[in-house]
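Data block below; observations after.
The values are calculated or read from the model by the stated rules, or taken from the named source; none is laboratory data. The shown structure was predicted, so the numbers you read here are calculated from the model rather than taken from an experiment. Glycine also receives a Cβ, built like all others from the backbone with ideal geometry; neighbour counts cover every protein chain displayed.
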């Protein structure tokens with residue numbers, strides 16, 4: 001999708017701060033000292049004049065003593081003003097600020113799961129009526145969603161999201177280019193993966209395919225690049241930004257960061273110094289309370305998705321798909337999981353058995369076992385290519401050998417056969433299922449309809465992704 005020059009660059013978001021705050025819990029007794037050092041770092045903005053609500057949301061229910069659900073709007077600003085924000089495009093053409101990356105983060109009341117919904121910046125909406133600094137009102141006309149912040153600040157963007165979703169949102173976080181780079185540098189870089197070489201003069205990303213650890217400028221170029229990867233659209237780029245956040249989350253929660261107080265303080269300093277937030281989240285005592293409440297939230301319990309959309313027909317913008325988005329907004333409003341949890345212990349799986357090619361090999365002394373298992377797999381819809389005996393017949397642990405390029409399909413087969421997964425570069429599309437003595441059968445799988453919706457891009461925080 002094409003877009004005017006001033007809209008050209010996407011920005012990552014203040015989710016990096018949420019991750020950093022979460023990670024504070026691992027430093028134990030030192031958290032009070034760290035938070036004391038951070039007092040006053042965050043810039044607070046009261047948005048009640050825009051939203052019409054002056055009541056600060058409570059983190060804990062006073063009657064029950066339990067935590068309350070959190071709805072936080074996280075925005076990345078594309079402003080060219082301020083330190084570290086210049087040199088991206090022509091300043092004379094790109095003025096003001098837009099929320100080119102926006103994620104609605106819902107954290108469950110039990111703090112066991114979270115949903116992060118990316119809102120495409122090029123979604124056409126009727127902008128809400130918002131107040132300007134001089135007291136006048138503006139809005140009420142159709143424009144891109146990301147221009148709401150330029151219209152009336154973060155509060156106007158929140159108002160736009162509330163009108164789109166029907167949800168109440170009281171908290172927000174906003175970070176700019178410079179802040180994003182500082183946070184990544186404080187972590188000593190974040191790992192990314194590319195499936196092909198990239199040479200994008202617009203974003204400045206020049207990189208060979210494969211795994212890389214990127215720092216400030218290079219990391220910003222990766223999350224900004226659009227023309228060098230995918231189909232060139234912003235909706236395609238959202239998936240890469242979500243993958244970057246997942247990688248950043250895993251890096252922040254790794255022992256190398258958590259168990260290093262000096263590094264952790266650097267990350268938190270970078271995050272809070274770069275942050276603009278509502279008065280509740282600008283209060284370090286509240287951040288401490290939130291951080292402690294999130295101590296058991298794991299990356300695999302964080303679901304990244306994109307607000308369902310459909311093309312507007314102009315080749316440049318998209319429209320909200322209200323029917324497909326309704327279950328997401330309902331899950332957030334009712335504090336339930338989305339997509340709905342599959343039966344039993346099944347994780348969220350995306351790949352249908354009908355698209356999975358597998359070779360079945362018997363690694364035990366039980367005669368005819370490969371053909372027996374192959375029959376079970378075929379009954380569930382898998383495409384069995386070959387059967388036979390493995391190199392040895394003393395295999396104790398059932399294993400799926402798969403090419404890392406097909407890791408999404410591998411997850412389905414690994415779950416269905418209760419196997420260990422072994423990534424083997426060059427394995428190809430067909431996987432090898434090596435039956436061990438621990439094999440008990442083939443379990444059926446459930447693929448939720450939401451997982452098949454390409455506009456929704458459903459991914460978990462522990463999922464590695466190689467950008468295409």
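At-a-glance table
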| read-out | value |
| --- | --- |
| The stretch 428-462, residues that are part of a loop (DSSP other than H, G, I, E, B), touching a helix residue (DSSP H, G or I) at 6+ places or on another chain (Cβ under 8 Å) and over 30 Å from residue 321 (Cβ atoms) | 429, 439, 441, 442, 443 |
| Options 425, 443; residue that is over 23 Å from the mean Cα position of the chain (by Cα) and more than 30 Å from residue 233 (Cβ to Cβ) | 443 |
| Test: residue in the stretch 383-401 that is touching a residue at least 24 places away in the same chain (Cβ under 8 Å), in contact with a helix residue (DSSP H, G or I) (Cβ under 6 Å, 6 or more places away or on another chain) and under 30 Å from residue 68 (Cα atoms) | no |
| Residue 312 being in contact (Cβ under 8 Å) with a residue 40 or more places away in the chain, crowded, with 17+ Cβ neighbours inside 10 Å and touching a strand residue (DSSP E or B) at 6+ places or on another chain (Cβ under 7 Å) | no |
| Spans of helices (runs of 4 or more DSSP H) in the stretch 238-354 with at least 2 residues modelled with pLDDT under 80 | 255-258, 261-273, 284-293 |
| Residues (closer than 30 Å to residue 340 by Cα and part of a strand (DSSP E or B)) located in the stretch 107-166 | 107, 114, 115, 116, 117, 118, 123, 124, 125 |
| Test: residue 254 is in the same structural domain as residue 142 (by TED's automatic domain parsing) and under 23 Å from residue 464 (Cβ atoms) | yes |
| Every pair of residues 6+ apart whose Cβ atoms lie under 9 Å, when the first sits in the stretch 327-347 and is at positive phi and in the same structural domain as residue 107 (by TED's automatic domain parsing) while the second is exposed (fewer than 14 other Cβ atoms within 10 Å of the Cβ) and part of a loop (DSSP other than H, G, I, E, B) | 335/110 |
| The one condition in (1) within 20 Å of the chain's Cα centre (by Cα); (2) free of Cβ contacts under 8 Å to residues at least 60 places away in the same chain; (3) closer than 17 Å to residue 464 by Cα that residue 221 fails to fulfil | (3) |
| Cβ pairs under 8 Å, 6+ apart, first in the stretch 353-380 and under 18 Å from residue 444 (Cα atoms), second modelled with pLDDT under 95 and assigned to a helix (DSSP H, G or I) | 355/409; 356/409 |
| Positions within the stretch 414-427 being free of Cβ contacts under 8 Å to residues at least 60 places away in the same chain and either part of a strand (DSSP E or B) or closer than 25 Å to residue 467 by Cα (or both), in sequence order | 414, 420, 421, 422, 423, 424, 425, 426, 427 |
| Selection count, the stretch 188-202, where residues are more than 30 Å from residue 265 (Cα to Cα) and either in contact (Cβ under 8 Å) with a residue 40 or more places away in the chain or not in a strand (DSSP E or B) (or both) | 6 |
| Single residue of the stretch 365-394 satisfying the filter (touching a strand residue (DSSP E or B) at 6+ places or on another chain (Cβ under 6 Å) and part of a loop (DSSP other than H, G, I, E, B)) that is surrounded by the fewest Cβ atoms within 10 Å (Cβ to Cβ) | 390 |
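Residues are listed down the side, and each one gets a yes or a no for (1) free of Cβ contacts under 8 Å to residues at least 12 places away in the same chain; (2) buried (at least 18 other Cβ atoms within 10 Å of the Cβ); (3) at positive phi:
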position: 251; (1), (2), (3): no, yes, no
position: 256; (1), (2), (3): yes, no, no
position: 264; (1), (2), (3): no, yes, no
position: 271; (1), (2), (3): no, yes, no
position: 275; (1), (2), (3): no, yes, no
position: 292; (1), (2), (3): no, no, no
position: 296; (1), (2), (3): no, no, no
position: 300; (1), (2), (3): no, no, no
